[in-house]
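The values are calculated or read from the model by the stated rules, or taken from the named source; none is laboratory data. The structure displayed is predicted, hence computed values, not measured ones. Methodologically, a virtual Cβ is constructed for each residue, glycine included, from the backbone with ideal geometry; neighbour enumeration extends over all protein chains shown.
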Amino acid sequence: MFNIRRISTSRWWHKKKSWVFFAIFLFLVFVRISKGSLYKDFYYFISKPFWPGQFQKEIILKSLDQESFIKLNLLKKDNKRLREILSLQKSSNIDYISAAVISRKTGSWWRQIILNKGLKDGVEIGSIVLGPGGLLGRITNISLFTSSVTLITSPESKLGVWVDRIQINGLLVGLGDDYPSLIIYSKDADIKVGDFVTSSPASTLLPPNIPIGIVHSVDETLKSKKTAKISLLAKPHLIDWVQILKLNI
């Protein structure tokens, strides 16, 4: 009798264990297909009590307004002239969405931050994300309540930029560290430490003249091009509030 009960219990346990493994497998498949959207929405709710305070948000937004006003007055005329020369459409229908940073992976290879705004707030893939100082990155993944930002320091990021002092376009490539690389395909480009770098007036992905960074160091060893390390104006690891820019260009 004891042996029969033991065999029955063993069969029940093995059957239950199989169902447990099968459930775990289905859960992992779901996470893979949804790209972690369920996890991000869950994180949205449990992290809500720890989001940055309203007072800090107001200070940052005021700084952004002052920065935008100064840059607009300095660059508006030049922007108009360049876009007319290049026959590009004017920027229009600009909408800003304020968002809090609720998670960040700024010290890893993937360089990403997660915001507390998603589909329900009108965020779209490709939207531009700005922080105090300038450009941070672009929205590359969205859930109902959150959105993921691929930072311009990520190896996945490649952007057209503009060096104002020498009036030349370049390519900004993330390297997975704090200093993305600026590539200028001209060995005669007179780029120097301290040169100011913005988004390119010729870009079709970004609005023109968004501040990005300052040339930190220059590598002149390559014969066919020049490269430089860029120190970013907006620091992803220090920023708690951002603005999502919805723009039709």
Checklist outcome for this item: Of the residues in the range 116-137, those that are surrounded by fewer than 17 Cβ atoms within 10 Å (Cβ to Cβ) and either farther than 18 Å from Lys246 by Cα or acidic (Asp, Glu) (or both) number 1
Next on the checklist: When you check Gly122 against the structure, is it at positive phi, touching an Asp or Glu at 6+ places or on another chain (Cβ under 8 Å) and not hydrophobic (A, V, I, L, M, F, W, C), yes or no?
Outcome noted: yes
Checklist entry - How about the range 218-249: which of its residues are within 18 Å of Thr150 (Cβ to Cβ) and among the basic types (Lys, Arg)? => result Lys235, Lys246
Item to check | Count - residues of the range 222-243 that are over 12 Å from Gly131 (Cα atoms) and in contact with a strand residue (DSSP E or B) (Cβ under 9 Å, 6 or more places away or on another chain) | outcome: 7
Next on the checklist: When you scan the range 177-199, do you find a residue that is hydrophobic (A, V, I, L, M, F, W, C) and within 15 Å of the chain's Cα centre (by Cα), even just one?
Outcome noted: no
Next on the checklist: I'm trying to understand the selection: among the residues of the range 215-247, which are closer than 22 Å to Gly170 by Cα, of a type in the set (A, V, I, L, M) and buried (at least 16 other Cβ atoms within 10 Å of the Cβ)?
Outcome noted: Val215, Val218, Ala228, Ile230, Leu232, Leu233, Ala234
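To keep it simple, each residue is scored yes or no on (1) among the small types (Gly, Ala, Ser); (2) part of a loop (DSSP other than H, G, I, E, B); (3) assigned by TED's automatic domain parsing to the domain that holds Gly194.
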{"position": "Val123", "(1), (2), (3)": "no, yes, yes"}
{"position": "Leu136", "(1), (2), (3)": "no, no, yes"}
{"position": "Thr140", "(1), (2), (3)": "no, no, yes"}
{"position": "Leu144", "(1), (2), (3)": "no, yes, yes"}
{"position": "Val149", "(1), (2), (3)": "no, no, yes"}
{"position": "Val161", "(1), (2), (3)": "no, no, yes"}
{"position": "Leu171", "(1), (2), (3)": "no, no, yes"}
{"position": "Gly176", "(1), (2), (3)": "yes, yes, yes"}
Item to check | Leading residue by the ranking (nearest to Leu119 (Cα to Cα)) among those in the range 138-162 that are in contact with a Pro (Cβ under 8 Å, 6 or more places away or on another chain) and crowded, with 21+ Cβ neighbours inside 10 Å | outcome: Leu151
Checklist entry - On the given criteria, is Ser203 under 22 Å from Val123 (Cβ atoms) and either of a type in the set (Ser, Thr, Tyr) or without any contact (Cβ under 8 Å) to a residue 12 or more places away in the chain (or both)? => result yes
